[in-house]
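Let me begin by presenting the structure, written as structure tokens, before commenting on it.
The values are calculated or read from the model by the stated rules, or taken from the named source; none is laboratory data. What you see is a predicted model, and the numbers here were worked out from it, not measured in a lab. All Cβ positions, glycine included, derive from the backbone under ideal geometry; neighbour counts span all protein chains shown. Side chains included, ligands, DNA and RNA excluded: accessible areas come from the protein's heavy atoms. Shrake-Rupley method; radii C 1.70, N 1.55, O 1.52, S 1.80 Å.
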Amino acid sequence: MSLKLYTNKESRGVVIDWLLVELGVECERIEVAYKTEMKSPEYLKLNPFGKVPVLVDGDVVIYELGAICAYLADKFSDKGLAPALDDPKRGLYYRWLFVMAGPWEAAGVDKALGIEVSPEQKMFVGYGDYNDAYQALVQGLSEANPYVCGEQFTAADVSVGAMLLWQLKMIAIESHPAITRYVETIKQREGLKQSTMGQLL
């Protein structure tokens, strides 16, 4: 088994666990403890941020959730969890992966930390302010049919779905009919139910 996932059962690593279940791919899971093992010199060689998840595939080391999702979906492209390279929906797929990893996460963290972007500062912030990011999210999910790339369930849905499920559980996001409809669809995934992520919800 060449794939190794460095993770923690109380981390974003459970998102990759869900994706691996959806892909039907075997992977060695290595539990890494917060504050100690994650900050050790050995682990920092894998991820200088001292965070999980980290995916190791032979000599290739990938960290950052969105990057791991994209890598796995392409590595196992026969599983159909990413639009083909020549599929017009490939752009939409990328958009969702990067929006969740960038603007949406940044806006959510700022909100959780009580950081407010003033009207004068919005032009310097990639996502504007939290309300802008929220409206963009709702607009995008209003177009989901039923998944973000249409009828095809993709790794982007794992990323989007996991983020929303967790934020709803933590009461960190205001619900909306578009969010509710999308999340209810995601909850029906057998892969989610069988994963560590599903057990935490």
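Computed values, structure above
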| item | result |
| --- | --- |
| Residues (free of Cβ contacts under 8 Å to residues at least 40 places away in the same chain and not aliphatic (A, V, I, L, M)) located in segment 52-68 | Asp59, Tyr63, Glu64 |
| Test for Ala101: is it assigned to a helix (DSSP H, G or I), aliphatic (A, V, I, L, M) and either surrounded by 14 or more Cβ atoms within 10 Å (Cβ to Cβ) or modelled with pLDDT under 95 (or both) | yes |
| Pair list, Cβ < 8 Å and 6+ apart or interchain, from segment 75-98 residues that are at positive phi to residues that are among the aliphatic types (A, V, I, L, M) | none |
| Odd one out for Tyr71, checked against (1) of a type outside the set (A, V, I, L, M); (2) outside any helix (DSSP H, G or I); (3) without any contact (Cβ under 8 Å) to a residue 24 or more places away in the chain | (2) |
| Single unsatisfied condition, Leu164 versus (1) surrounded by 14 or more Cβ atoms within 10 Å (Cβ to Cβ); (2) touching a residue at least 24 places away in the same chain (Cβ under 8 Å) | (2) |
| Candidate set: segment 128-150, residues that are open to solvent by 30 Å² or more (accessible area, probe 1.4 Å) and in contact with a Pro (Cβ under 9 Å, 6 or more places away or on another chain); chosen: the one farthest from Val99 (Cα to Cα) | Ser142 |
